[in-house]
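**Q** Quick one: the structure is below, questions incoming.
The values are calculated or read from the model by the stated rules, or taken from the named source; none is laboratory data. This one's a predicted model, so the numbers in the text were calculated from it and none came from an experiment. Heads up, the Cβs are rebuilt from the backbone with ideal geometry, glycines too, and the neighbour counts pull from every protein chain shown.
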Amino acid sequence: MTVSSEEIVEYFGRYGWKYEARRPDLLRTGFVGDSGTFEVWVRLTEHWVFFIVNPYVLRTDKSPNKDLLRMILEVNQKINLAKFGMDDEGDVVLSVDMPQTAFSYERFEDAMTALSHYADLYKGSFENVCVESMAAGS
C-alpha cells in the first residue's frame, strides 16, 4: 500500500507545519532553525517518499573539492536516517528517503525530525568548508 498526497497533507496538519502543494506528487514546506531558513521538498514516487532540503548549501564554486566531499562522507557515517550529497549543480543537499511500504505518520514524523535536526546541526560546518575551499581556490 502506498501513501497518497492527501495522506501527506494530513500528516503535515498533524505535525503542525504549513505546506504548499506544487503538484500532486510534490509538496513544499520549510522552517526557520537556529542556523538558518530551510526549504523542504516532499516528493512521492511509486516506491519512495523523498524529503529533501535542496539547496542545503549553495556553492558558487561548482567543481567538487576534496574537503567538501570528505565532509559529506564523514558526516554521513555519523548520522542516522538522513544523508548529505551533491546535486547536478554542485549544491549540497540533505535528504531522507523512506520506502512507500508501510509508510505511516510515524515515519513521516521521523523523516521530518531527522531532516530538521541535521539541517540545523551541520549548516555552519558545511558553509565554512565551502567558503574555505573557495578562498583557497580548490
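**Q** Looking only at segment 1-43, how many residues end up being touching a Gly at 6+ places or on another chain (Cβ under 8 Å) and among the hydrophobic types (A, V, I, L, M, F, W, C)?
**A** 2
**Q** Of the residues that sit in segment 1-56 and are in a strand (DSSP E or B) and among the aromatic types (Phe, Trp, Tyr), which one is surrounded by the fewest Cβ atoms within 10 Å (Cβ to Cβ)?
**A** So, considering only residues that are in a strand (DSSP E or B) and among the aromatic types (Phe, Trp, Tyr), the one surrounded by the fewest Cβ atoms within 10 Å (Cβ to Cβ) is TRP48.
Per-residue answers, yes or no, for (1) under 19 Å from ASP120 (Cβ atoms); (2) out of contact with any strand residue (DSSP E or B) (no Cβ under 9 Å at 6 or more places or on another chain); (3) not aromatic (Phe, Trp, Tyr):
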| site | (1), (2), (3) |
| --- | --- |
| THR2 | no, no, yes |
| GLU6 | no, yes, yes |
| PHE12 | no, no, no |
| PRO24 | no, no, yes |
| GLY30 | yes, no, yes |
| GLY36 | yes, yes, yes |
| TRP41 | yes, no, no |
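**Q** For GLU89, indicate whether it is in a loop (DSSP other than H, G, I, E, B), modelled with pLDDT under 95, within 16 Å of the chain's Cα centre (by Cα) and surrounded by fewer than 16 Cβ atoms within 10 Å (Cβ to Cβ).
**A** Yes: the conditions hold for GLU89.
**Q** Follow-up. Of the residues that sit in segment 28-68 and are at pLDDT 90 or above and among the aliphatic types (A, V, I, L, M), which one is farthest from LYS83 (Cα to Cα)?
**A** Checked segment 28-68; the qualifying residue farthest from LYS83 (Cα to Cα) is VAL32.
**Q** Sticking with this structure for a sec: Please go through segment 92-122 and give me each residue that is closer than 20 Å to ARG14 by Cα, surrounded by 13 or more Cβ atoms within 10 Å (Cβ to Cβ) and either touching a Pro at 6+ places or on another chain (Cβ under 9 Å) or of a type in the set (S, T, N, Q) (or both), ordered by number.
**A** Selection gives GLN100, ARG107, THR113, SER116.
**Q** Do the conditions hold for LEU81, that is, is it in contact (Cβ under 8 Å) with a residue 24 or more places away in the chain and at positive phi?
**A** Taking the combined requirement at face value, the residue satisfies it.
**Q** Within segment 92-108, can you find the residues that are aliphatic (A, V, I, L, M) and either without any contact (Cβ under 8 Å) to a residue 40 or more places away in the chain or in a loop (DSSP other than H, G, I, E, B) (or both)?
**A** Passing the criteria: VAL92, ALA102.
**Q** Residue by residue through segment 63-83, note down the ones that are within 26 Å of ASP110 (Cα to Cα) and of a type in the set (Asp, Glu).
**A** GLU74, the sole residue that qualifies.
**Q** Separate question: Mind telling me which of the residues ASP67, ASP87 ends up being in contact (Cβ under 8 Å) with a residue 12 or more places away in the chain and in contact with a helix residue (DSSP H, G or I) (Cβ under 8 Å, 6 or more places away or on another chain)?
**A** After applying the criteria, what remains is ASP67.
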